[in-house]
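Before I ask anything, here is the structure I am working with.
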Amino acid sequence: MDLTFNRDEQAFRGEVRRFVAERLPADVKHKVENGLRLEKDDYLRWQKALYEKGWAAPGWPVEHGGPGWTPVQGYIFEQECALGDAPAVMPFGLNMVGPVIIEFGSEAQKARFLPRILSSEDWWCQGYSEPGAGSDLASLKMSAVRAGDHYAVNGAKTWTTLAQYADMIFCLVRTSASGKKQEGISFLLIDMKSPGVTVRPIVTFDGGQEINEVFFEDVEVPAENLVGEEGKGWTYAKFLLGHERVGIAQVARSKRQVERLKKIAAAEFKDGRPLADDPNFRAKISTVEIDLLALEHMELRILSDETAGQAPGPESSLLKIRGTEIQQEITELLVEAVGYYAAPYQPAFLRDGANDEPVGPGYAPALAPTYFNWRKASIYGGSNEIQKNIIAKAVLGL
Amino acid sequence: MDLTFNRDEQAFRGEVRRFVAERLPADVKHKVENGLRLEKDDYLRWQKALYEKGWAAPGWPVEHGGPGWTPVQGYIFEQECALGDAPAVMPFGLNMVGPVIIEFGSEAQKARFLPRILSSEDWWCQGYSEPGAGSDLASLKMSAVRAGDHYAVNGAKTWTTLAQYADMIFCLVRTSASGKKQEGISFLLIDMKSPGVTVRPIVTFDGGQEINEVFFEDVEVPAENLVGEEGKGWTYAKFLLGHERVGIAQVARSKRQVERLKKIAAAEFKDGRPLADDPNFRAKISTVEIDLLALEHMELRILSDETAGQAPGPESSLLKIRGTEIQQEITELLVEAVGYYAAPYQPAFLRDGANDEPVGPGYAPALAPTYFNWRKASIYGGSNEIQKNIIAKAVLGL
Amino acid sequence: MDLSYTNEQNLIRDSVQRFARDSYPFDARRRLGETSEGFSRGTWKTFAELGWLGVALPEAYGGSGGSAVDVMILMEAFGRALVVEPYFTAAVLGGTALLLGGSEAQKRSLLPRLAAGELLPTLAFAEPQSRFDLGDVQTTARQDGAGFVIDGAKSVVFHAVSADIVIVPARTSGERRDEHGISLFLVEGDAAGLTRRDYPTVDGHRASELKFENVRVGGDALLGARDAALPLIETVVDHGTSAVCAEAVGIMAALYEATLEHLKTREQFGQPIGRFQVLQHRMVDIFAMCEQARSMALMAALTVGGPDPTARRKAVSAAKNYIGRAGRFVSQQAVQLHGAMGMTDELIIGHYFKRLTMIDTLFGNADHHLERFGRL
Amino acid sequence: MDLSYTNEQNLIRDSVQRFARDSYPFDARRRLGETSEGFSRGTWKTFAELGWLGVALPEAYGGSGGSAVDVMILMEAFGRALVVEPYFTAAVLGGTALLLGGSEAQKRSLLPRLAAGELLPTLAFAEPQSRFDLGDVQTTARQDGAGFVIDGAKSVVFHAVSADIVIVPARTSGERRDEHGISLFLVEGDAAGLTRRDYPTVDGHRASELKFENVRVGGDALLGARDAALPLIETVVDHGTSAVCAEAVGIMAALYEATLEHLKTREQFGQPIGRFQVLQHRMVDIFAMCEQARSMALMAALTVGGPDPTARRKAVSAAKNYIGRAGRFVSQQAVQLHGAMGMTDELIIGHYFKRLTMIDTLFGNADHHLERFGRL
């Protein structure tokens, strides 16, 4: 047993670390480090650098452009990207629809879509939730009716993250209203530029614009864009869920945030002494650090099982729950740390373009909006309540 | 609006305070103050003093021997008894079966049982739970079959508090197996000295002996001991539950425990300074003190509504939940405060009879056993989970 | 002991609840965010006409002789409606400071105008370095003839953009964190040498950073005793704290109701989500916290005006700590139980969330008041 | 990086799990409580024969050259079986102190006997006033010719009633809480002037208060460097802490399994209580804590023997803090979910509860280790 990386793993870590240091654009790093808002181009520049290196899709098979890493290498890569303040990879193409196409897509779909995902030429978004079907996905209503060589699609998807940037959307659609709800669902790939597709932005209460409603009105989708078989969409969606494990706990990113919290607590003063020396605040920081260690080492044990050949199980739901709880806890402590200077609302300073000095310390403007925004983490991707239901059933047998 | 007591209320408070100071036996006070174990006689001596004063049954109508107090007076009485370290009143006779007999009993039952409850001549215990029916009371099985002028009773009750002291037990029994479960239940009063009644002690994991199993084998119970009508036992049990509100939060007793916690924290040392000055431990004490204030003022608001004529509602479940949570929290902090000296097991010092000096400080021996024992508080009288179900349904309408 | 409202209090409560329900729609409130003052002068005038601005002032100064309980009743309804008018700044902080600190002449000249809605004071209780320590004052006031010259900076001064008078703690002697040596000054909002940097706050109010450079005031600008203003400032801020506790209680009650309603109407998996036991128990926790938060705000309101400063501090800090903790839980869970819908700017839920978050910081967060309570 | 067990570790695990399952029934364990030593010498002999007492000792001293991970494997199974034999006292604390502090002669003479089950040491790490501060030592050792004379008191010395040797920190110079000036001495259990007050602990172990009055020891009784023993004591106690973390993990896993089984079999309201969503989610929380607690114990075991003292302290304190918090939650909820049945002395649940409670106190509770972690 060994907690440390072996020589090969250390060499690999060095390689990734150097790559991030050299190729991550400085302005993007600055934004990630300070919790500022990223634009489409920020994501793309980093994705394309990874693509050039052959590292765009760590989880993909080598034949489709994956790097052929071990689970430990994948973990090291994730960790080094986070510690180096690289932006999180947008998962919709690379981690979600990509693996589904690889597993269930036709050869034509593979040839057409996978290279463009790999090179970030296509930005994908996810069409799952509907206004009436949030957690209860099986009751979705958006319909796709086969008419000759195409489907006529009508309905709406909602909470669609960054749909405003997207070229393509993968949707769960209803192709049949009879039988068991789940059996009438199919998995369809839709071009966002198709006539009849409109995107309505939904502003969130932190002032951000990340999510959207997407409307489909008599949209014609070529039948060749159906993945696998009609009526099997539910199966593919479950496959996708099980696949989305790597990096779900976001431990390294949270570690960076704890470092930032400590820096800020050292810069803030309380009763004439650094807040970092206040016993109660220090106890809070230490508690979240220890919780993070517990999460990290649970992840390492799962990773080790995976390396030993065991398939990742529904324990990944635990990583999601604890990961998001800890992220939220850190955003709370950051707001606490900065006292009154959490109050000024300075949207210009959430982007990088402001020429002026902000009110209060430079690290303050993003803190409250990030706390507000991050409440989403325990809601999206299956709320933490749904995750607990999954564990209770699948792991505990209750 | 006024949070303070008016002149009459203050005078009454003074009267109660003097009475407790004068009439509470010193050895009983010492035991209560230090969390030691009380014997039957300890309860009785105090109960009898109250009886002589006419204060034995604050909640009873004047005609049956109640003192005729306002809700505020009742509250003051509870508070002063607790602050003066009087033992808690054993509720089974005075607060439980007494009000049921007053409301639903025959004149003969009233004449026979009420005076003996008032004078503590009879010690009652409660026969509700059965080995197979804990929270799910409606599925109880103990049977009472009418045969002429008596019932033949068979079955078992369990978790019966202090049955070893009891002269009488009030039981929910099944008089009919047909129809709705609840409708076959009756309310029966049984003499513990009846042939066929046996008591088996159940030792709890703190080493205490408070609870028992009570077995009934062909016990003959006179039919005149049936309260009200056959098949209405469930109704009476619900009435009883709603009645048991006064003092359920135990705020004043918890305040006394916080005082004790502060004294102990001042006597214990950590890193060369009193533990009471440690910022983290102080924060814990302050938190529980504030939680207690919140509970106290919620209780005062409910009391004020009651004085204004509103009947007490299922909000009393909230008082039970928060009351027990806080009591348990304090027992935890007491164990923490005393460090290693929570470890020695010294049962002799849990009673008052030990001649020797205990290992460690004199306040230490009872702390861990009390923490262990007090886990019962969130289980008995309807577990806190059941209480939340009640509030969700009755108050929130969910 | 009696915790029921008087008839007069019932009247105030009815009138402010009616106002909040009928005359303060959320949409209109949001549009105020785009104005320079961030609130409606018309509404302010209405507050004056309804007698709310002087509710806790003696009749002799144009008030109606009420108490902190009356303020609580108003603030609770203001919380529910997310009122952005500067009531807690002007009427509570300003009114209490002038009433408790002012000379008879100052009170006679200023308080009736405040009650009439014609004078809008604010209190500059924080400095960039002070965090929640009211005694951490670096701004100086140097005697200059009969008057004073003020230099320094104040941070996050609420509604300074609209203030006719800024009440400014400044050091007339002593060192940065000394308790002794702080005095209060009345400074005109447009005084020469006073510059402002105005901004909206994340919860839709207005605040400013103030800079004082050679700001000259007369000897009559001194409010209360020279060098000995800290106890007065602390008392005033305790009144403000009690008031925002009530505001928080109003918000929490509104969140409770909206979330309960959502649980009863939102269907998933073929039933209202309120059928799920986990959400039921969570909702019970929310209910319990709302009930206790209201009890704590009431305790603070009933104690803050009393004669015993230790009792006042204990009650206010206990209430603020409890409400900080409960407010965090209730607001987080309200968003969580609303699901993605709770994240939208469109729904009032998120705006309640933001205001509750900022109320926790205001006048010292839960940790600050926990420590203050523990020291008493 | 590799967190899988070696073949040898798998063998140890199989053998200790088999032992715990087949040869250590709860009833027999309870009867041991009535004996004067509180454990079985026969079982101790078995431990020696199975190689467990020397598992972490080098082969040169009669051990099998294992590591803290092997100790973890044993302790986890001992936790599950609620083993009362003095393994953590004698093999972990005693063994580590002798191995890391002993001269070659001391090691050669003592360790093989320890591994063979013939020598039972204990460590007197606490004093009546010391709480969790290992450097708070008032017991003195005064040089007297070639030897020393020890005076003072030690508290809650585990298994002293059975100890052949008590390892005693005593002050050879400096003041009460000085880091420098502490030395370790090997004192025979039956030394003249050493008196004991023995008692059972609430969790079924044995401990004693020790009094030293003019206890004379030879110069060869000194273990390690004079005046500089604190770092050694701290290292030894960190090994002990790591070991009891593993014990706690074993207990928590057993509580998890028993409670899950109870939820599946206990019926109320016409269905297994595990159908209630609130209990399901609570059980998920328990599961999550058990998994993370095991991960933390593993982290501590993999770090405690390493070369970096800061890394060792951080890992051990993080694990002990996490396990203290998680152990409290898991044990409280296990009792709660068992209902009144969980309160009985008959069921093992309550005994797990008591042991977990005492493990939290042992070597410093969750708060103590949180602060230690924060200071590093």
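Name the long-range amide H neighbours of residue B:364: under 5 Å, sequence gap of 5 or more, or other chain; modelled H, no Pro or chain starts.
Sorted by chain and number, the residues that satisfy this come to none at all.
Angle, helix D:348-361 long axis vs. longest principal axis of chain D, Cα atoms, 0 to 90°, nearest 10?
Once rounded, one gets 40 degrees.
If you take every DSSP beta bridge whose two residues both sit in chain B, what share of them, in percent to the nearest 5, is antiparallel? Present the calculation step by step, with values, prior to reporting the outcome.
Details: 30 of 35 bridges.
Here the share of antiparallel DSSP bridges comes out near 85 percent.
Now a separate question. Got a sec? Charge dipole of the protein assembly as shown, +1 on Cβ for Lys and Arg, -1 for Asp and Glu; which of A:227, D:46, B:64 is way out at the positive end?
A:227
Per DSSP H run of n ≥ 4, the term is -39500 (n - 2.57); total these for chain D, divide by its residue number, and report the mean residue ellipticity at 222 nm rounded to 500 deg cm²/dmol.
-16500 deg cm²/dmol
For labels at residue D:11 and residue A:203 in the simple 7 Å Cα→Cβ model, what's the distance in nm?
Rounded to a tenth, the inter-label distance reads 7.1 nm.
Considering every residue in C:363-374, what mean count of other chain Cβ atoms within 10 Å of its Cβ is obtained?
5
Against the longest alpha carbon principal axis of chain B, how many degrees, from 0 to 90 and to the nearest 10, is the axis of helix B:279-307 turned?
So the inclination is approximately 40 degrees.
Here is a follow-up. When each copy gets a label point 7 Å from Cα toward the beta-carbon at residue A:182, what are the spacings between them in nm, shortest first?
3.7
Choose one answer from C:289, C:72, C:358: the residue with the largest mean-square fluctuation in a GNM of chain C with alpha-carbon springs under 10 Å.
C:358
Continuing with the same structure: With contacts defined as alpha carbon pairs under 8 Å and 6 or more residues apart, what's the relative contact order of region D:231-375 in percent?
Across region D:231-375, relative contact order equals 30 percent.
For region A:124-232, would you read off the P(r) tail past 23 Å as a percentage of all alpha carbon pairs?
22 percent
Report, in whole Å, the centroid distance computed from the Cα atoms of region C:69-85 and region B:1-72.
42 Å
Under 15 Å from a label point 7 Å along Cα→Cβ of residue C:227: give me every residue in region C:178-192 with its amide N that close.
From region C:178-192, the list is C:178-184.
At residue D:214 and residue A:41, where each label point lies 7 Å from the Cα along Cα→Cβ, what is the point-to-point distance in nanometres?
9.0 nm
Rounded, prolate or oblate: which fits region B:250-394, taking a ≥ b ≥ c as square roots of the Cα gyration tensor eigenvalues, rounded meaning a/c under 1.5, else prolate when a/b beats b/c?
It is prolate, given that a/c is not under 1.5 and a/b is the larger ratio.
With unit charges on the beta carbons (Lys and Arg positive, Asp and Glu negative) and the dipole taken about the Cα centre of the protein assembly as shown, which residue among C:228, C:210, C:6 sits farthest to the positive side?
Going by the Cα projections, it comes out as C:6.
Determine the percent antiparallel among the DSSP beta bridges restricted to chain C, to the nearest 5.
Bridges in chain C that DSSP calls antiparallel: roughly 85 percent.
Measuring label to label, 7 Å along Cα→Cβ, what does residue C:177 give against each other copy in nm, shortest first?
Spacings between copies for this position, smallest first, are 2.1 nm.
Something else: So what's the back-of-envelope 222 nm ellipticity for chain A, counting only DSSP H runs of four-plus at -39500 (n - 2.57) apiece and dividing by all residues, rounded to 500? Let's see the in-between values first.
Numbers: 12 runs with 168 residues, N = 398.
Result for chain A, helices only: -13500 deg cm²/dmol.
For region B:57-100, rounded, prolate or oblate, judged on the Cα gyration tensor with a ≥ b ≥ c (square roots of eigenvalues), a/c < 1.5 rounded, else prolate if a/b > b/c?
oblate
Using r as the Cβ-Cβ distance of residue D:269 and residue C:178, and R0 as 41 Å, what FRET efficiency do you calculate, to the nearest 0.05?
For residue D:269 and residue C:178, the calculated efficiency is 0.05.
Tell me, what is the percent relative contact order of region D:163-268, built from C-alpha pairs under 8 Å that lie six or more residues apart?
It rounds to 24 percent for region D:163-268.
For region A:299-398, what relative contact order do you get, as a whole percent, if you take Cα pairs closer than 8 Å and at least 6 residues apart?
About 38 percent, as a whole number.
If you don't mind, there's one more thing I want to ask. Which distance in Å, rounded to a whole number, links the C-alpha centroids of region A:156-208 and region D:142-191?
Region A:156-208 and region D:142-191 have Cα centres separated by 74 Å.
To the nearest 20 debye, what is the magnitude of the charge dipole of chain C about its Cα centre, counting +1 on the Cβ of each Lys and Arg and -1 on the Cβ of each Asp and Glu?
580 debye
For the protein assembly as shown, give the magnitude of the charge dipole about the Cα centre (Cβ charges: +1 Lys/Arg, -1 Asp/Glu; no others), in debye to the nearest 20.
Details: 166 positive and 200 negative charges, 82 e Å.
About 400 debye.
With the crude spin-label approximation of a point 7 Å out along Cα→Cβ, what separation in nm comes out for residue B:30 versus residue A:107?
9.5 nm
Hey, another quick one. Can you pull the mean other chain C-beta count within 10 Å for peptide D:319-325?
Counting other chains' Cβ atoms within 10 Å and averaging over D:319-325 gives 3.
When you look at the Cβ of every residue in C:348-359, what mean number of other chain Cβ atoms sits within 10 Å?
If you average over the peptide's residues, the count of other-chain Cβ atoms is 3.
Among B:190, B:340, B:201, whose Cα sits farthest toward the positive end of the charge dipole of chain B (+1 at Cβ of Lys/Arg, -1 at Cβ of Asp/Glu, about the Cα centre)?
Value: B:340.
Specify the longest stretch of chain C that does not include any exposed loop site, a site being one of the GluC sites (Glu not before Pro) with a non-H, G, I, E, B DSSP assignment and at most 11 other Cβ atoms within 10 Å.
Counting at most 11 other Cβ atoms within 10 Å as exposed, the longest clean stretch of chain C is C:176-376.
Between the DSSP loop rule and a limit of at most 14 other Cβ atoms within 10 Å, which trypsin sites (Lys or Arg not before Pro) in region A:317-398 are left?
Sparse-neighbourhood loop trypsin sites (Lys or Arg not before Pro): A:351.
So, one more: Between helix D:7-22 and chain D, what is the angle of the helix's C-alpha long axis to the longest principal axis, kept within 0 to 90° and rounded to the nearest 10?
70 degrees
Among residues other than residue B:142 whose Cβ falls under 10 Å from its Cβ, what is the net charge (Lys/Arg +1, Asp/Glu -1)?
Around residue B:142, the surrounding residues sum to +2.
Please find, in a Gaussian network model of chain C (springs between Cα atoms separated by less than 10 Å), the residue of C:335, C:244, C:278 whose mean-square fluctuation is greatest.
Comparing C:335, C:244, C:278 in a Gaussian network model of chain C, the most mobile one is C:278.
With charges set only on the Cβ (+1 for Lys and Arg, -1 for Asp and Glu), what does the dipole of region A:7-88 come to about its Cα centre, in debye to the nearest 20?
Computed about the Cα centre, the dipole is about 120 debye.
Count charges around residue A:110 for me, please; just the other residues with Cβ under 14 Å from its Cβ, Lys/Arg as +1, Asp/Glu as -1.
Spelling it out: positives minus negatives among the neighbours equals -3.
No value in this document is a laboratory result; all are computed from the given coordinates. Remember, predicted model here, so these are calculated numbers, not experimental data. In this analysis, Cβ positions are derived from the backbone assuming ideal geometry, glycine residues included, and neighbour counts consider all displayed protein chains.
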